[in-house]
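S.K.: Provided herewith is a single structure, encoded as structure tokens, for subsequent inquiry.
The values are calculated or read from the model by the stated rules, or taken from the named source; none is laboratory data. This one's a predicted model, so the numbers in the text were calculated from it and none came from an experiment. Note that we place each Cβ from the backbone using ideal geometry, even for glycine, and neighbour counts take in every protein chain shown.
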Amino acid sequence: MKRPMTLGRNSARLLRWALFLAVLVCTAASSGPATNDFFARGVAAYRAGQLPEAAEWFERAQTQQPAAGTQDDLGITEWQRGHAGAAILAWERARWIDPFDARARLNLEFARQVTQLDEPRLKWYESASTWLPAGAWLWMAGVSLWLVTGAWVLPRVFRRRAGWHQTLAAMGFCLLLFSLTANLGVVSRTQIGFVVSKDAPLLLTPTRDGEVISTLTEGEPARKIRSRGHYLLVRTAFGTGWIRDSQLGLICP
């Protein structure tokens, strides 16, 4: 008599857990629009000619789940609105997510040809970091580290050494050094941004009444050095100065 009672209690517990999980799923599904809903609304608004609404929906979609395709469409929408800086920023962010995104590359080439703007100047290790997505370099560094550790330690533990062990360890060490250098480039590139405001003043001091050094063109690249309040110290092709943080969008926000 005790065995059936135990089975019944377990079944009741499983049923309660199943109902609890079902309630959680239903609550999550009804809590608000999904990312795909945001993207679909953006597409619908774009086709209806409602460009500001389309840009807003695409922004919400990429905020919840960044994707190269969403950034591509956001860039096209901003370009149609006449916001060249926001469009270039969106396409640069698409290439940050997916360096192999052909749409973003072609759109950037066209936009820079029209606006007569140059690409951001990259150091050699920053250029190398663009060969793969940012997360891939971190994964490669971890794999190469384990490869070097295994090829160096395991033969000594099991007292079985061969020439290919040293070759494998050397290859893994070279891969580790290169991936660490590429990760340094990834971190360094996070400080690159693009001007999103028309005729943004580059100031001598981080104040509202600061002397204007030059005026930056919308879509122009700049490298962030440090921040102070609502101002960013940036380095551009025209020199170093301060700019409002709302007038510069970083490639990796």
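S.K.: Of the conditions (1) closer than 22 Å to Trp124 by Cβ; (2) out of contact with any helix residue (DSSP H, G or I) (no Cβ under 8 Å at 6 or more places or on another chain); (3) without any contact (Cβ under 8 Å) to a residue 60 or more places away in the chain, Asp199 clears all except one; give me its number.
M.R.: The number of the failed condition is (1).
S.K.: List every residue pair whose Cβ atoms sit under 7 Å apart, with the two residues 6 or more apart in sequence or on different chains, where the first one lies in the range 73-87 and is within 15 Å of Gln50 (Cα to Cα) and not assigned by TED's automatic domain parsing to the domain that holds Ala102 and the second, anywhere, is among the charged types (D, E, K, R) and part of a helix (DSSP H, G or I).
M.R.: none
S.K.: Still on this structure: Quick check on Gly219: is it in a loop (DSSP other than H, G, I, E, B), at pLDDT 95 or above and within 21 Å of the chain's Cα centre (by Cα)? Break it down stepwise before answering.
M.R.: Details: in a loop (DSSP other than H, G, I, E, B): yes; at pLDDT 95 or above: yes; within 21 Å of the chain's Cα centre (by Cα): yes.
Against the criterion (in a loop (DSSP other than H, G, I, E, B), at pLDDT 95 or above and within 21 Å of the chain's Cα centre (by Cα)), Gly219 qualifies.
S.K.: Quick one: which of Ala44, Ala61, Ala86, Ala54 is surrounded by fewer than 16 Cβ atoms within 10 Å (Cβ to Cβ) and part of a helix (DSSP H, G or I)?
M.R.: Details: Ala61 fails: surrounded by fewer than 16 Cβ atoms within 10 Å (Cβ to Cβ); Ala86 fails: surrounded by fewer than 16 Cβ atoms within 10 Å (Cβ to Cβ); Ala54 fails: surrounded by fewer than 16 Cβ atoms within 10 Å (Cβ to Cβ).
Residue meeting the stated conditions: Ala44.
S.K.: What about Gly193, is it within 23 Å of the chain's Cα centre (by Cα) and part of a strand (DSSP E or B)? Please lay out each step first, then the result.
M.R.: Working: within 23 Å of the chain's Cα centre (by Cα): yes; part of a strand (DSSP E or B): yes.
Answer is yes for this residue.
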